[in-house]
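The values are calculated or read from the model by the stated rules, or taken from the named source; none is laboratory data. Since the model is a prediction, treat every value here as computed from it, not as a measurement. Methodologically, a virtual Cβ is constructed for each residue, glycine included, from the backbone with ideal geometry; neighbour enumeration extends over all protein chains shown. To get the accessible areas, we keep the full protein, side chains included, count just its heavy atoms, and leave off ligands, DNA and RNA. Shrake-Rupley method; radii C 1.70, N 1.55, O 1.52, S 1.80 Å.
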Amino acid sequence: MHLSAAPALILLGLVLSGCSSSSGPEALKAGLTSRETTNSIVRPASPVPTAEVGDVAAAETGEDGSAPHELAWAGPVPDQQQFDAVTRDAGMAVPSQRPLETIAPEAPAAAPRASKGPRIYSQRFRDAKPINFGKVSPRHHAVHGVDVSRWQGEIDWQTLRTQGANFAFIKATDGGDHLDPMFQKNWRRAKEAGIKRGAYHFFYWCRTAGEQADWFIRNVPREAGALPPVIDVEYNAESSCKRRLSRAKVLEKMQVFMDKLERHYGQRPIIYTAPDFYADNLSGEFPNHPFWLRSVAAHPSKRYPNRKWVFWQYSGSGLSQGVDGKIDLNVFRGSEADWHNWVAGQSS
């Protein structure tokens, strides 16, 4: 049977077109790219990288199906202290936080001080006449210091401090009319060097106690942070006053002087003395006053039995950088912490 040419050609075209189409659903499932375009899209000259449908969905909605998030650091910088802790994996050190400071850290802060006051310098003093004090020597004490007067001349206080002068008692007055000519300079410069300092008065037994207290108060400032004032009571063969008062009179005059200073400065005065004067007048007296004891040949426990003391003058022949000639050396009875606590308790 014979068909006309036109119908045959039409039929053949329809069959071929159905077999070659790649724009339907089956073609998409096969991963083929459609050649269809719209007039709003211009095909790029180079191919576009392909992506799995699942990857695109995750990028748009998040893996948990939540709303999309901004890319890291795309928005305002978050609060640097609001980072969540990061779980540490075994065998790998992972910081719990990573704020910006870890990228450009500031200079490290100074380590906290172990004590609660100024630095304590270890003593580097020498002694022109060293003494063997036995089991408990001055070197067993943590806080050393000096006492000075005009006889030390010009003092390099900064250097003296680094040699171990953590405190200084400075001669101010004696009697009722004498002022040490170096007192004001020493008082000022010791403070500038960071040394805790107090002033002392050499008691003159031929003047009234009230006159001497007034003279001391007139010349020694009432200053926050200063150590308590000191009354120096001893025998002095070189003094023009040769009087030897009774024990009762000595105690009376001392009490008048100390009471007046305590009212003015708000601090209980320290009593400095030597073994012979102590034995004659002070043994067992003034139990509530701090004592500063001279004992240059033996431990204070041997020269002052049963007497509690705060300061011990152990040498009158000390040698130190910062001072020409000899200087008196002293120690505080206690540790560094005891020292800071004691000083804090003396504040007026």
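Starting from residues that are touching a helix residue (DSSP H, G or I) at 6+ places or on another chain (Cβ under 9 Å) and open to solvent by 40 Å² or more (accessible area, probe 1.4 Å), keep the ones in the range 143-155 and report whichever is farthest from Phe216 (Cα to Cα). Working first, answer last.
At the first step, the residues of the range 143-155 found to be touching a helix residue (DSSP H, G or I) at 6+ places or on another chain (Cβ under 9 Å) are 143-144, 146, 148-150, 152, 154-155.
Still in the list and also open to solvent by 40 Å² or more (accessible area, probe 1.4 Å): 150, 154.
Details: Arg150: 17, Glu154: 23 Å.
Among them, the one singled out is Glu154.
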Practice task
Any residue in the range 254-267 that's assigned to a helix (DSSP H, G or I) and basic (Lys, Arg): show its pairings with residues that are crowded, with 17+ Cβ neighbours inside 10 Å and at pLDDT 95 or above at Cβ separation under 6 Å, as long as the two are six or more apart or on different chains.
Solution key: Lys260/Ala213
Fill in the blank from the handout: Note on the range 215-241: residues surrounded by fewer than 19 Cβ atoms within 10 Å (Cβ to Cβ), outside any loop (DSSP other than H, G, I, E, B) and in contact (Cβ under 8 Å) with a residue 40 or more places away in the chain are Ile217, Asn219
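Kindly indicate the residue of the range 295-328 that is more than 25 Å from Asp280 (Cα to Cα) and assigned to a strand (DSSP E or B) and also most open to solvent (accessible area, probe 1.4 Å) among those meeting that condition.
Pass one, the range 295-328, residues more than 25 Å from Asp280 (Cα to Cα): 317-327.
Then keep just the ones that are assigned to a strand (DSSP E or B); that gives 317-319, 327.
Working: Ser317: 13, Gly318: 0, Leu319: 45, Ile327: 1 Å².
Only one residue tops the list, namely Leu319.
State which residue is surrounded by the fewest Cβ atoms within 10 Å (Cβ to Cβ) when the search covers only the range 180-208 and only residues that are part of a strand (DSSP E or B) and in contact with a Phe, Trp or Tyr (Cβ under 8 Å, 6 or more places away or on another chain).
Quick first cut of the range 180-208, residues part of a strand (DSSP E or B) only: 196-202.
Within this subset, residues satisfying the condition of being in contact with a Phe, Trp or Tyr (Cβ under 8 Å, 6 or more places away or on another chain) are 196-201.
Values: Lys196: 22, Arg197: 25, Gly198: 26, Ala199: 25, Tyr200: 27, His201: 27.
Checked the range 180-208; the qualifying residue surrounded by the fewest Cβ atoms within 10 Å (Cβ to Cβ) is Lys196.
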Handout entry: Filter result (hydrophobic (A, V, I, L, M, F, W, C) and more than 22 Å from Lys135 (Cα to Cα)) within the range 292-321
Key = Leu319
